[in-house]
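Worksheet for the structure shown next.
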Amino acid sequence: MKQPLYLDDTEVAVDALLSAIGKRVVVGTPLGIGKPNHFLNALFRRALHDPSLQLKIITALSLEKPSGSSELEKRFIDPFVARVFGEYEDPNYIAARRNNTLPANIEVMEFFMKPGASVNEDYTQQHYVYSNYTSVARDMMLQGLNVIAQEVAVDGAGDALRYSYSGNPEVTLDLLDMAATEGAAPVFVVGCCNHKLPFMENDSVAAAEDFDLILRDPACTHQPFASPNLPVSLQDYAIGLYASAFVKDGGTLQIGIGAHGDAIAQALIVREQHNDAYSQIMTALFPAGVPESAHTGRFLQGLYGCSEMFANGLLKLIQAGIIRRQVYDHAGLQALINQGKLQPLVDPQILAILREDGLIGSRLTERDLAFLKRYGIFKSDTALSALHADAALETQALDLDKEFKGGVWMHGGFFLGPTDFYQALRDLSPIERSKIGMSRISFINALFGHEQLASLQRRDARFINTAMMVSLRGAAASDTLESGRVVSGVGGQYNLIAMAQALPDARSVLMVRACRSQHGRVVSNIVWNYAQATIPAHLRDIVVTEYGAADLRGQTDSECIKRLLAIADSRFQQALLEQAKANGKIARDYVIPEQLCHNTPTALAARLAPWKKDGTLPDLPFGTDFDADELRIMGALKRLQALSQKPLKLLAVLLRQLWLGKKIPDTYLQRMRLDTVQGMKLRVMKALFIAVF
């Protein structure tokens, strides 16, 4: 059995790594919060000072503390960063590649990027790896990976000390399997202890012998990177509400991070806790009548969560008791539960049912006994010899009226969220923590190798994701611009949508805002055609905008066009229709029905106004790391940023402020360090800030 090297100094750990593998280092490290930035930075610095050291870092979602692009933004963001991010250490390679200062002996490759952050960085664009999430481990190995480095959570002390991959087992577990195959090149595994990471159970638990080196440097401990909740607009609420009506009680749910994920979670909570209000909202959103296929009732069975990203919205659904349908890692047991032959509770009839379906034999074997103990059907001290001596003892061995062991509410590959999300995970009881199964991405995002179990667990699955644009034939662009520049990455979206096509009762729901603001003008996100497609048209399924839902599965091109036009912004409907006609994809005499030609922001706001007003649809359904003053200041800064694109209007606003002398409470000026200013530049800045407040 391998024994790890325990070290308390990061520089010594780098020495040990280089001594073990030499000066060619190809390190694979997880996306998001599992990245051991302190260790990577030490390795990075070593390569900067030693050109003979060849360093390649393969990773994704490199997270950097936010910083302002203007003087006012810096004054706002710096105190917030100090409060929320604390001792978090940015990866040094981010600034180096942005500034084009990476030396020739250092290479950084990413398979997913923070959305929009690297669109204009030539180096990052050139070193992007276009991989489906389930292929990432394979592609890392193809690059000659010889080091795995990851932050790990720690629980207990002394002989009871345990390690966990926390929120990032997703690629690491697959990499470890590949590295353990016969003939694979040796891989050196480094675990960096971060005592502030939530400790997660199940597949995320790591054995000490999984590592070659365990780094216990206190500098590795820091608050996980926070992704603060931002306000949910009415546009996003409408999208989330439409999407929520596709979620079937007793089914499976996958959602992501951000405003869309929060909107869906809040919509499902309203559906469960305020069902009358939910029904009224649905009636307002469907003027022609709520479709019979919509699911609007409460969750009597509950949902099972299966999502590559365990997002804050999913945790809120667990806390609300909506995600509570338990699944088990035994296909036979899961099948009996799905069929209603078993409840996940030990009762006197259970052995007869298990025997009838062949899960155990008429005469119990060691294997049968292990199965019955593992799932808590038999008491843990049951002996096979006693049962063979007296079959009547089987009834006494049953742990009657106890819930089966091993049930999981939620499977996820990685997590990322605001500060209270991490705290809530730390505060889970042992039983609650056992119900969350962080696992490998090849299990979460694929069916291969576990088709039977996955199809049983993931019944009535709804895979709900976000797209940037959708063409009228149903192809979606989610990650790349027409120029080829990558906005984020394909991640697992293709995996999930392909899985929705493979599972017999699953559906994919793609959410897209009907329009967006671009260079000061409004443009449609439903387009005739687009040069990039993350999801090809032959995988088209359900598309949702703030104006409705279009079910495209199994429909002709002409019908798809009609249905997408029906949920497009009305300012663009006619032009889109003419393009479809010009290309012969829809009848020349087709006219968009008049009742579908009122898709405007004003009409949408009127439909949802009552529930916006009474707090059913709050701006921040799950709170935020920003305080009330900061939220008001953010609004002012956004208004000022919009004005900055119109110089003449900006000048007029400044002159009006200088003339009228509008006042605001000193609290806001103090927060922005504008209460006492000197010099013309700061005086103008202060005047503009007050004017837009």
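The values are calculated or read from the model by the stated rules, or taken from the named source; none is laboratory data. Note that this is a predicted model, so its numbers are computed, not measured. We place every Cβ from the backbone using ideal geometry, glycine too, and count neighbours over all the protein chains shown.
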Open item on the list: Here is a check on your reading of the model: is L351 surrounded by 20 or more Cβ atoms within 10 Å (Cβ to Cβ) and in the same structural domain as Q457 (by TED's automatic domain parsing)?
Closed with: no
- [ ] Pick out the one residue from Q125, Q150 that is at pLDDT 95 or above, of a type in the set (S, T, N, Q) and not in a helix (DSSP H, G or I).
- [x] Q150
Task: Residue match in the range 94-103 (condition: surrounded by 18 or more Cβ atoms within 10 Å (Cβ to Cβ), part of a helix (DSSP H, G or I) and more than 22 Å from the chain's Cα centre (by Cα)) - done: yes
Open item on the list: Regarding the range 431-440, can at least one residue be identified that is free of Cβ contacts under 8 Å to residues at least 40 places away in the same chain, surrounded by fewer than 23 Cβ atoms within 10 Å (Cβ to Cβ) and of a type in the set (V, I, T)?
Closed with: yes
- [ ] Scan the range 441-453 for residues that are in a helix (DSSP H, G or I), surrounded by 13 or more Cβ atoms within 10 Å (Cβ to Cβ) and more than 19 Å from the chain's Cα centre (by Cα) and jot them down.
- [x] E451, L453
Open item on the list: I'm told M282 meets every condition in (1) surrounded by fewer than 22 Cβ atoms within 10 Å (Cβ to Cβ); (2) of a type in the set (A, V, I, L, M, F, W, C); (3) closer than 30 Å to L428 by Cα except one. Can you identify the failing condition by its number?
Closed with: (3)
Task: Leading residue by the ranking (surrounded by the fewest Cβ atoms within 10 Å (Cβ to Cβ)) among those in the range 642-693 that are closer than 17 Å to D629 by Cα, among the basic types (K, R) and without any contact (Cβ under 8 Å) to a residue 60 or more places away in the chain - done: K663
Open item on the list: Against the definition (part of a helix (DSSP H, G or I) and either of a type in the set (A, V, I, L, M) or closer than 17 Å to L40 by Cβ (or both)), how does M200 come out, yes or no?
Closed with: no
Task: Residues located in the range 361-379, provided they are in a loop (DSSP other than H, G, I, E, B) and closer than 10 Å to K405 by Cβ - done: Y375, G376, I377
- [ ] Could you figure out which of (1) within 21 Å of S244 (Cα to Cα); (2) surrounded by 23 or more Cβ atoms within 10 Å (Cβ to Cβ) isn't true of A498?
- [x] (2)
Open item on the list: Consider the range 380-397. How many of its residues are in contact with a helix residue (DSSP H, G or I) (Cβ under 8 Å, 6 or more places away or on another chain) and in a loop (DSSP other than H, G, I, E, B)?
Closed with: 2
Open item on the list: Just to be sure before I move on: is H411 modelled with pLDDT of 95 or more, of a type outside the set (K, R) and in contact with a Cys (Cβ under 9 Å, 6 or more places away or on another chain) in the structure I sent?
Closed with: yes
Open item on the list: If I ask for residues that are exposed (fewer than 13 other Cβ atoms within 10 Å of the Cβ) and over 19 Å from G417 (Cα atoms), which ones from the range 58-73 would you list?
Closed with: S69, E71
Task: Top-ranked residue in the range 181-209 [being touching a strand residue (DSSP E or B) at 6+ places or on another chain (Cβ under 7 Å), farther than 22 Å from L17 by Cα and free of Cβ contacts under 8 Å to residues at least 60 places away in the same chain; ranked as surrounded by the most Cβ atoms within 10 Å (Cβ to Cβ)] - done: V205
Open item on the list: Restricting to the range 369-393, count the residues that are surrounded by fewer than 19 Cβ atoms within 10 Å (Cβ to Cβ) and either assigned by TED's automatic domain parsing to the domain that holds C306 or out of contact with any strand residue (DSSP E or B) (no Cβ under 9 Å at 6 or more places or on another chain) (or both).
Closed with: 15
Open item on the list: more than 30 Å from L314 (Cα to Cα) and in contact with a strand residue (DSSP E or B) (Cβ under 8 Å, 6 or more places away or on another chain): which single residue out of A550, A603, A566 fits that description?
Closed with: A566
Open item on the list: Name the single residue that is farthest from the chain's Cα centre (by Cα) among those in the range 400-427 being under 25 Å from L620 (Cα atoms), in contact (Cβ under 8 Å) with a residue 24 or more places away in the chain and assigned to a loop (DSSP other than H, G, I, E, B).
Closed with: P418
TODO: List every residue pair whose Cβ atoms sit under 6 Å apart, with the two residues 6 or more apart in sequence or on different chains, where the first one lies in the range 596-612 and is in a loop (DSSP other than H, G, I, E, B) and the second, anywhere, is surrounded by fewer than 19 Cβ atoms within 10 Å (Cβ to Cβ).
DONE: C597/S570; N599/S570; T600/S570
Task: So I77, is it of a type outside the set (G, A, S), outside any loop (DSSP other than H, G, I, E, B), under 16 Å from I148 (Cβ atoms) and within 30 Å of the chain's Cα centre (by Cα) - done: no
TODO: Those residues that are touching a residue at least 60 places away in the same chain (Cβ under 8 Å), under 22 Å from the mean Cα position of the chain (by Cα) and closer than 14 Å to R485 by Cβ, I need them from the range 115-140; list them, please.
DONE: P115, G116, S118, V119, Y128, Y130
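With respect to L230, determine if the residue is under 30 Å from K612 (Cα atoms) and either of a type outside the set (S, T, Y) or in a loop (DSSP other than H, G, I, E, B) (or both).
When the stated conditions are applied, L230 passes them.
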Open item on the list: I'm trying to understand the selection: among the residues of the range 22-47, which are surrounded by 17 or more Cβ atoms within 10 Å (Cβ to Cβ), assigned to a helix (DSSP H, G or I) and on the phi < 0 side of the Ramachandran plot?
Closed with: I33, G34, N37, H38, F39, L40, N41, A42, L43, F44, R46, A47
TODO: Answer yes or no: is there a residue in the range 293-300 that is farther than 22 Å from A500 by Cα, among the basic types (K, R), surrounded by fewer than 22 Cβ atoms within 10 Å (Cβ to Cβ) and touching a helix residue (DSSP H, G or I) at 6+ places or on another chain (Cβ under 8 Å).
DONE: yes
- [ ] Working only within the range 170-180, note down all residues that are exposed (fewer than 14 other Cβ atoms within 10 Å of the Cβ) and charged (D, E, K, R).
- [x] D177
- [ ] Starting from the range 479-499, keep only residues that are not assigned by TED's automatic domain parsing to the domain that holds E121, then list their pairs with residues that are assigned to a helix (DSSP H, G or I) and of a type in the set (A, V, I, L, M, F, W, C) whose Cβ atoms are within a distance under 6 Å, requiring at least 6 positions of separation or different chains.
- [x] I497/L539
TODO: Looking only at the range 309-323, decide whether some residue is of a type in the set (D, E, K, R), in contact with a Gly (Cβ under 8 Å, 6 or more places away or on another chain), modelled with pLDDT of 95 or more and surrounded by 14 or more Cβ atoms within 10 Å (Cβ to Cβ).
DONE: no
- [ ] List the number of the failed condition for M178; all other conditions in (1) outside any loop (DSSP other than H, G, I, E, B); (2) in contact with a strand residue (DSSP E or B) (Cβ under 6 Å, 6 or more places away or on another chain); (3) not charged (D, E, K, R); (4) not assigned by TED's automatic domain parsing to the domain that holds L428 hold.
- [x] (2)
